[in-house]
Amino acid sequence: MKNSFIELFEKCSPELKDLALTHSSFAHQHGVASNERAEFLGDSVLSTIVTDYLYKHCKDNEGKLSKIRSKFVCTENLSDLAKRLNIQSRIRFGKSFKDEISDAILENTIESMIGVMYLSYGLHSISGAVLDALQVKEKLKQGVKATDYKSELQE
């Protein structure tokens, strides 16, 4: 049986889970590391996982594949995942944080979670859970539209 995204995350060490859920406001207040480096790593890992899947399962050209990939790794999609998983309730914020939790913060947190799961288990072990969480296979079957706003505007 394969693990879900949240199950894999929960199996990470407490230190890595704390790191993934630590906003910079908390980090500055408490003198600990924020999730920004893990987010940086997770962003690339996420892109690699989605790119690999699309390359193997879609016969489209590079331009269309790039547009399709952008639908899966965008702020809207990642923040929706964070909301479905109720991640916003787990993010550690400092007392100075007074803003609303933005979609960008939720996106960054998902990316940092992917980063620490990658550090814990490696690319192959987390790929299925990431693809499932983002509903890549289902959305491709439904026909994800590769939107290119610049081309649409020109047309």
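In the set [x] 15; [y] 23; [z] 29, the label that goes with percent of Cα pairs over 28 Å apart computed for this structure is [y].
Annotation for segment 6-79 versus segment 101-118: alpha-carbon center distance of 6 Å.
Roll a 1.4 angstrom probe over the protein heavy atoms and tell me the percent of accessible area of segment 1-123 that is carbon or sulfur.
51
Fully extending the segment from His57 to Ser4, taken as 0.36 nm per residue of separation minus the present Cα-Cα distance, adds 16.9 nm.
Secondary-structure-derived ellipticity at 222 nm for the chain, considering helices only, amounts to -20500 deg cm²/dmol, per-run term -39500 (n - 2.57) for DSSP H runs with n ≥ 4.
In this calculation the C-beta distance from Glu15 to Cys74 is compared with R0 = 30 Å, giving a FRET efficiency of 0.50. Does anyone have the angle between helix 123-133 and the longest principal axis of the chain? Alpha-carbon axes, 0 to 90°, nearest 10? Between helix and principal axis, roughly 80 degrees.
Counted residue by residue at 0.36 nm each, then reduced by the alpha carbon distance between them, the extension gain from Lys137 to Lys64 reaches 24.6 nm.
Take 72-84, 4-16 and order them by the average number of nearby Cβ atoms within 10 Å per residue, most first; the result is 72-84, 4-16. Enumerate the whole-percent occupancy of each 10 Å bin, from 0 to the last occupied one, for all C-alpha pair distances of segment 90-140. Percent of Cα pairs in each bin: 21, 41, 28, 11, 0. Accessible area per residue for the chain is 58 Å², calculated with a 1.4 Å probe on protein heavy atoms, without ligands, DNA or RNA. Ser102 sits among other residues whose Cβ lies under 13 Å from its own Cβ, and their net charge, with Lys and Arg +1 and Asp and Glu -1, is -3.
The values are calculated or read from the model by the stated rules, or taken from the named source; none is laboratory data. Everything quoted here is computed from the prediction, not taken from an experiment. Using ideal geometry, Cβ is built from the backbone for each residue, glycine included, and neighbour counts are taken over all protein chains shown. Heads up: the accessible areas ignore ligands, DNA and RNA and are worked out on the full protein's heavy atoms, side chains in. Shrake-Rupley method; radii C 1.70, N 1.55, O 1.52, S 1.80 Å.
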